[in-house]
Structures are given as structure tokens and as C-alpha cells.
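The values are calculated or read from the model by the stated rules, or taken from the named source; none is laboratory data. Predicted, not measured: the structure shown is a model, and the values here were computed from it. Positions of Cβ are generated from backbone atoms using ideal geometry, with glycine treated the same way; all protein chains shown enter the neighbour counts.
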Amino acid sequence: MESGKKATGRSANIGITALIVDDEHGAINSLRQMLHEYCPEVCSLYAAATVKEAVETAKAAKPQLVFLDIEMPPLGSGFDFLKSCEDLDFGVIFTTAYPQYAVKAINTIQPWAYLVKPFSVAELKTAVETAMDKINRSIEQGGTHPGIVLHDSRKGNIVLMVKDILFCKAEGSFTEFYVLINEAVQKITASGYLGEYEARLPKLHFCRTHHSYLVNLAHVRRIERTGRNGIIHLTFSNLTADISVSKMEYFLQRLETYLAANTVYVNP
């Protein structure tokens, strides 16, 4: 590679939030292990063994990708799950032991892949790469989590771009948003608990580091250890956010995954 050229590799990618829907716990564990070992693009992973649980999880976690089994007796099928989630936006990779459902699957939804069990690591990696390409393309076109609408009692409705939110802080039944507006940091107080906004903001970029803090990983500048706890130093105005003992390991893993997917390396 020529000196001075950017070697982007996976740098253009971001991590995927995914949901596994399968009535067999062994299949869930097997797929989870394969994704962990061979598909680092998947950074947040949920699982559900029933249609009801899958619908509830999808509405709460808002995954970008669902690995969906079809036969889920006795309480429904993968198609029932899709019908209940028509208002959600995610891609589907079917994972089934029944190849005869392929035509119905394609007619029901345009799946990103159709994997017949037992599928190989190579087949899974190809399917996840396809999903990553589609998700990245959607983000580049502004179609995924471009912003969030807040209601401020003094200023009315305010539209915030996700990239401009530094962090959120819980204040009882209110949430304080620290945001970058016109190159200056402002605090906007919105009604609603922090957990409600955590569910609305993209999990790829935001990490709960403490019961009172939700941090945009793009704005983490430095981490300071304070015993078993920690402090995050953010990129503007010497702002900081706390890391609790219980969240420390989770936060460091999330940050490592985020940086690996978003760092651009330049040859000297």
C-alpha cells in the first residue's frame, strides 16, 4: 500500500446489534458462540426462545439484525414474529432446518440470507458481511438513528443529532442531555427516565456506564481509574461521566469493539 493512503479495512463499519430467535437453547448457544468467535461485527447480542419473548425483546432492544428460526412450536413461528414486528426496522437472516420454507420466506420479507442448519462458519460470515454492508449503506444514507426528538418545557420540541449528544445523565424522573450545538456544549433537560432514552438511542454508539450515565462512545477521550470505579473524560469542556464497578468490564468491552470498528489507520 502506498504511504500516506488511509487503510480503512473495517474502519468504515460499526458494530451490529442483533437478536437470535430460536426455540432450541442449544441452537442459540451454538450460534452465539460462532458469532463471538468469527463475527466481531456483532457487538450486542440478545436471544429469545419464544415468539412472545422475541417480540418483547425486539421492541425493547431495537436490533438491526435478527437471526430467525421458522419452526417454533407450539406457540407460533418466525413468520408470526415478523407479523408482530411490522413497525420495527431490522434485517433478517433466516436460520432453519427446513429448506422448503425458502420461497415463503422470500415472499414474506426480503431476507438478507437464508441459512439451512447445520450451516458452516463460512456461510455465517458471508451472511453477516452482507448484513454489515446493508447497515452501513443505510447509515451513510441517513436512514438509521439520525436523531432524536426531545420536549423541553421552555424551548418546545428539539431535534438532536445522535452524533452531537455527548452523554445523558439521570436526574430523578428527568434526563439531562449534554449536547454540542454551534460548537458549544449545552444542557437540555427532558422529562422521562434515563432508561427510556437508552431504549431510543442506538446501542451501537451509547453505553450505560453507571445507573446515572449514558455515554456516547464517540466522545470518550480518556478513562481514569479510581479504585474499582472510573471516570470518563469527554471531548468537550472537561466534562466527565462516572463508571460504576458493575459496569466497568462491560464498558471497556463495548469501547474496544467500538474503537476497533471506527478507527481509521494512516500509514506514516
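The set of residues in the range 18-55 that are among the hydroxyl-bearing types (Ser, Thr, Tyr) and without any contact (Cβ under 8 Å) to a residue 40 or more places away in the chain comprises 30, 46, 50. Could we say that residue 175 is of a type outside the set (A, V, I, L, M, F, W, C), exposed (fewer than 14 other Cβ atoms within 10 Å of the Cβ), farther than 20 Å from residue 64 by Cβ and out of contact with any His (no Cβ under 8 Å at 6 or more places or on another chain) here? Here the answer is no, as residue 175 does not meet what is asked. For the range 122-137, a residue qualifies if it is touching an Asp or Glu at 6+ places or on another chain (Cβ under 9 Å) and closer than 18 Å to residue 96 by Cβ, and the qualifying residues are 128, 131. Restricting the range 178-199 to residues that are under 22 Å from residue 235 (Cα atoms) and either modelled with pLDDT under 85 or β-branched (Val, Ile, Thr) (or both), which is surrounded by the most Cβ atoms within 10 Å (Cβ to Cβ)? Only one residue fits best here, namely 179. Restricting the search to the range 12-59, which residues are more than 22 Å from residue 256 (Cβ to Cβ) and either basic (Lys, Arg) or modelled with pLDDT under 90 (or both)? Correct list: 52, 59.
For the range 65-89, filtering for residues that are under 21 Å from residue 134 (Cβ atoms) and at pLDDT below 90 leaves 5.
Do any strands (runs of 3 or more DSSP E) entirely within the range 42-99 hold 2 or more residues that are more than 19 Å from the chain's Cα centre (by Cα) and not acidic (Asp, Glu), and if so, which?
Hits in the range 42-99: 91-96.
Considering 160, 234, 214, the condition of being crowded, with 16+ Cβ neighbours inside 10 Å and touching a Phe, Trp or Tyr at 6+ places or on another chain (Cβ under 6 Å) is satisfied by 214 alone. Among the residues of the range 190-242, those that are without any contact (Cβ under 8 Å) to a residue 60 or more places away in the chain, in contact with a strand residue (DSSP E or B) (Cβ under 8 Å, 6 or more places away or on another chain) and of a type in the set (Ser, Thr, Tyr) comprise 191, 193, 197, 209, 212, 213, 237, 240.
Going by what's in this entry, would residue 187 be described as touching a residue at least 24 places away in the same chain (Cβ under 8 Å) and of a type in the set (Lys, Arg)?
Working: touching a residue at least 24 places away in the same chain (Cβ under 8 Å): no; of a type in the set (Lys, Arg): yes.
The answer is no for residue 187.
Considering the range 222-231, and only residues there that are touching a His at 6+ places or on another chain (Cβ under 8 Å) and closer than 15 Å to residue 210 by Cα, the residue that is surrounded by the most Cβ atoms within 10 Å (Cβ to Cβ) turns out to be 223.
Can residue 159 be described as among the aliphatic types (A, V, I, L, M), assigned to a strand (DSSP E or B) and farther than 17 Å from residue 240 by Cβ? In short, yes.
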